[in-house]
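Taking it in order: structure first as structure tokens, then the write-up.
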Amino acid sequence: MKNLERRSIIEEYVRSYPDYESDRRLKYSISEKLKVPPSKVQSVVSFFDQGNRENKVCSGLPCYLKGNGKGGSSSSQASCLGYCDKAPVTEKDHRFFSIAGGETLPLEESNKDYVANNRQGIDSYIATGGYGTLIKWTDGMDLISTLEKTGLRGMGGAGFPVAMKWKSFRSSIARDGVLLVNAHEGEPGTFKDRIILELTPHSVLDGALLAALSNRIRKVVIGIKSEYEGATFSVKKALDEFTQKFSPSIGSGRFPEIEIMSVPGSYVTGEETALMEAIQGNRGEPRLRPPFPTEAGLYGTPTLVHNAETLAAISEIALGGDFTKSYCLTGDVKRPGMYRTKMGITARDLVESSGGTETGDLKAFMPGGLSGGILPLSKIDTPLDYDSMRKIGAGLGTGSVIALSRDRCIVDIMTEVEDFFRLESCGKCFPCRYGTEGLSGLLHRLKNGQANAADVEGGKEVAQTMIDGSICALGQAAGKVFLDAIKHFGNEFTDHTEKKCEANVCNFGRRAN
Ligand SMILES: Cc1cc2nc3c(=O)[nH]c(=O)nc-3n(C[C@H](O)[C@H](O)[C@H](O)COP(=O)(O)O)c2cc1C
Ligand code: SF4
């Protein structure tokens with residue numbers, strides 16, 4: 001049965017793809033040129049192929065909430081284009097557009113000129129004390145105890161204590177390791193790294209150099225998501241400015257060599273080991289652990305991985321101050337955006353300080369993008385920090401709050417969430433591969449009035465298996481957010497098994513889609 005399915009997929013592909021022959025020839029010529037088997041070329045290309053690159057509709061949750069559909073035949077669906085505060089967003093010929101008041105308007109901030117005119121240059125950065133610690137750096141200096149005191153945790157989603165990671169890296173090897181800067185942001189609701197890299201690139205560069213010097217690292221690789229052209233431009237410019245100012249010490253003597261790479265792929269490629277695979281020219285799939293990246297990371301070398309925002313925080317701390325957190329706010333609020341404040345603001349204060357909600361009371365919020373779970377309004381006064389979130393069974397993730405108003409249907413929202421995870425699952429492990437498929441299918445059936453209470457119970461078992469057995473946090477988060485939704489909004493799931501939708505969003509009696 002499986003072989004038959006596979007054969008029919010290939011037949012269908014060849015039959016319906018008009019350019020199949022030229023595509024095949026191209027892959028053969030790449031295979032000849034790079035001396036790798038054609039099957040390897042096919043495998044890598046198919047992983048990163050994102051359909052129609054000229055015309056994309058963003059289907060991330062913030063864009064869905066503002067009216068974006070799944071894309072028609074002339075456009076393809078993008079999981080997240082990284083402009084969630086300007087939702088709903090589309091992309092055409094590498095240009096981004098936002099739809100406002102029925103009009104499709106070019107997004108000014110996606111323009112390289114905008115970035116060039118608004119980014120902080122090196123002189124302005126130095127005038128605020130930037131690179132101060134780096135300039136004074138002498139052998140024997142080390143930031144680890146300062147970082148331990150501040151309790152800084154990684155801001156890429158996992159929230160791992162920075163000092164602890166440095167210790168683990170040092171216990172593997174103190175020399176010849178690599179620092180990998182993770183700027184592959186791809187989770188719906190999260191766009192902080194893009195803004196930080198575009199507008200304040202020196203803060204990330206400063207932090208990266210400080211982390212490298214503290215850990216005696218001689219090579220830094222900055223992996224930026226390929227769609228982030230403005231961010232890549234800004235970081236390259238920052239490196240040029242730095243090299244001119246402090247030349248010739250970059251790459252020789254005091255400072256490590258720095259390489260900036262534009263890396264394709266979407267959400268899952270932001271997982272640190274998947275990012276390493278993508279950089280090495282393979283499919284962007286997470287690796288099994290152990291070994292951990294600090295033992296064997298990029299090209300098998302001990303690798304310290306940090307999120308771009310974590311490094312910006314390190315540069316702030318090095319100046320003797322505390323660090324700020326960049327929270328993203330989207331969904332049913334008046335002024336979506338990135339808000340820099342002290343760690344631990346509540347979602348209520350975040351929403352209120354940004355102008356309040358769009359349509360009265362909220363029903364729920366997601367504190368950390370799609371992977372931090374979903375919470376009811378009763379938890380809105382919980383500080384948005386790692387420990388407080390963990391105590392209530394949620395995750396801060398990247399600190400990207402998605403606000404959901406009273407008139408939203410949680411089953412509908414969860415359908416979008418699980419569709420995202422299904423689309424993004426790399427398929428390497430079965431709990432995630434089948435689980436995301438199963439939960440997405442179940443939610444579509446619930447929306448269409450075709451699932452009963454036993455199906456929902458079955459979904460809970462699937463979700464638990466995903467949490468227990470998935471290789472990476474994508475599959476685990478996809479299972480957990482489903483269980484969270486049932487825990488806090490179980491009544492809505494029960495309603496749907498009885499073909500009722502309080503929000504009047506679901507259209508019962510349709511065929512499952
Ligand atoms: C599916 C998935 C996607 C991720 N995407 C990102 C990302 O885009 N950027 C990022 O820095 N970390 C991302 N992470 C977390 C990284 O694996 C890693 O924990 C992080 O880069 C470490 O840096 P930090 O300690 O400074 O947070 C992702 C994790 C998973 C499971
Ligand atoms: S959990 Fe999902 S995304 Fe992660 S390795 Fe398994 S299949 Fe891939």
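The values are calculated or read from the model by the stated rules, or taken from the named source; none is laboratory data. The structure displayed is predicted, hence computed values, not measured ones. Cβ: placed from backbone, ideal geometry, glycine included. Neighbour counts: every protein chain shown.
Cβ-Cβ distances below 7 Å connect the following pairs, each with a first residue in the stretch 468-490 that is farther than 27 Å from residue 288 by Cα, a second residue that is of a type in the set (Phe, Trp, Tyr) and part of a helix (DSSP H, G or I), and a separation of six or more residues or different chains: 486/493. Scanning the stretch 327-337 for residues that are closer than 12 Å to residue 400 by Cα and either buried (at least 21 other Cβ atoms within 10 Å of the Cβ) or more than 18 Å from the chain's Cα centre (by Cα) (or both) yields a total of 6. Quick check: is even one residue across the stretch 182-205 closer than 20 Å to residue 263 by Cα, of a type in the set (Ser, Thr, Tyr), buried (at least 18 other Cβ atoms within 10 Å of the Cβ) and touching a Ser or Thr at 6+ places or on another chain (Cβ under 7 Å)? Yes, some residue in the stretch 182-205 is closer than 20 Å to residue 263 by Cα, of a type in the set (Ser, Thr, Tyr), buried (at least 18 other Cβ atoms within 10 Å of the Cβ) and touching a Ser or Thr at 6+ places or on another chain (Cβ under 7 Å). Of all residues in the stretch 279-304, those satisfying the criterion of being in contact (Cβ under 8 Å) with a residue 24 or more places away in the chain, within 16 Å of ligand 2 (Cβ to nearest atom) and either more than 18 Å from residue 268 (Cβ to Cβ) or within 18 Å of the chain's Cα centre (by Cα) (or both) are 283, 284, 285, 286, 292.
The helices (runs of 4 or more DSSP H) falling completely within the stretch 394-513 that include 3 or more residues that are farther than 23 Å from residue 84 by Cα, of a type outside the set (Ser, Thr, Tyr) and modelled with pLDDT of 95 or more map to 430-447, 453-469, 473-497. Among residues of the stretch 14-31 that are assigned by TED's automatic domain parsing to the domain that holds residue 42, those with a Cβ under 7 angstrom from a residue that is hydrophobic (A, V, I, L, M, F, W, C) and assigned to a helix (DSSP H, G or I), sequence gap 6+ or separate chain, pair up as 20/14; 27/41; 27/45; 30/41; 31/41. Among the residues examined, residue 207 qualifies as at pLDDT 95 or above and small (Gly, Ala, Ser). Can you tell me which residue among 399, 449, 438 is within 16 Å of ligand 2 (Cβ to nearest atom) and among the small types (Gly, Ala, Ser)? Testing whether each residue is within 16 Å of ligand 2 (Cβ to nearest atom) and among the small types (Gly, Ala, Ser) leaves just 438.
For the residues 285, 309, 277, the requirement of being touching a Cys at 6+ places or on another chain (Cβ under 6 Å), within 14 Å of ligand 1 (Cβ to nearest atom) and not assigned by TED's automatic domain parsing to the domain that holds residue 85 singles out 285.
Scanning the stretch 440-478 for residues that are within 21 Å of the chain's Cα centre (by Cα) and either buried (at least 23 other Cβ atoms within 10 Å of the Cβ) or of a type in the set (Gly, Ala, Ser) (or both), we see that the one that is farthest from ligand 1 (Cβ to nearest atom) is 440. Pairs are defined by a Cβ separation below 8 Å, a sequence spacing of at least 6 or placement on different chains, a first member in the stretch 400-417 that is crowded, with 24+ Cβ neighbours inside 10 Å, and a second member that is in a strand (DSSP E or B) and among the β-branched types (Val, Ile, Thr); the pairs so defined are 400/330; 401/330; 402/330; 403/330; 403/333; 403/357.
Where strands (runs of 3 or more DSSP E) sit wholly within the stretch 44-160, those with at least 3 residues that are of a type in the set (A, V, I, L, M, F, W, C) occupy 95-100. Within the stretch 123-179, work out how many residues are basic (Lys, Arg) and touching a strand residue (DSSP E or B) at 6+ places or on another chain (Cβ under 8 Å). Looking only at that region, the number is 2.
Checked against (1) hydrophobic (A, V, I, L, M, F, W, C); (2) in contact (Cβ under 8 Å) with a residue 24 or more places away in the chain; (3) more than 30 Å from residue 404 (Cα to Cα), residue 155 passes all but condition (3). Scanning the stretch 347-358 for residues that are in contact (Cβ under 8 Å) with a residue 40 or more places away in the chain and part of a helix (DSSP H, G or I) yields a count of 3.
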